[in-house]
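Please read the structure below before turning to the comments.
The values are calculated or read from the model by the stated rules, or taken from the named source; none is laboratory data. Just so it is clear, the model here is predicted, and its values are computed rather than measured. Here the Cβ is made from the backbone with ideal geometry for all residues, glycine too, and neighbour counts use every protein chain on show.
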Amino acid sequence: MSRKFTPRSGVKLSEGEARRQSRVTKLALDKLGASAAIVFLNGHLDDLSGRPIQLAVASDEGLESVERLLAKTPAIAR
């Protein structure tokens, strides 16, 4: 008998939030690699006054701010 996974406390993102989350995650992964992207997206950055993932998901303006910062961030050689 197999058990079906059912998230209990998951937050449902709107279509726009999901699109922004996907975009910023892909950009960070492509530029920084997995480990550094996780640190970048989830860490508090004074330049943004918050966590990049939260800001990017919250609004198009937040996403643009994070994109600008990522564009200035040196790529990590992998």
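Numbers at a glance
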{"read-out": "Scope region 4-59; condition of a type in the set (S, T, N, Q) and at positive phi; matching residues", "value": "S49"}
{"read-out": "Search result, residues across region 52-78 that are more than 18 Å from L13 (Cβ to Cβ) and touching a strand residue (DSSP E or B) at 6+ places or on another chain (Cβ under 9 Å)", "value": "L69"}
{"read-out": "Helices (runs of 4 or more DSSP H) contained in the chain and holding at least 3 residues exposed (fewer than 13 other Cβ atoms within 10 Å of the Cβ)", "value": "15-32, 34-42, 60-72"}
{"read-out": "Residue within region 46-65 that is at pLDDT 95 or above and in contact with a Ser or Thr (Cβ under 7 Å, 6 or more places away or on another chain) present", "value": "yes"}
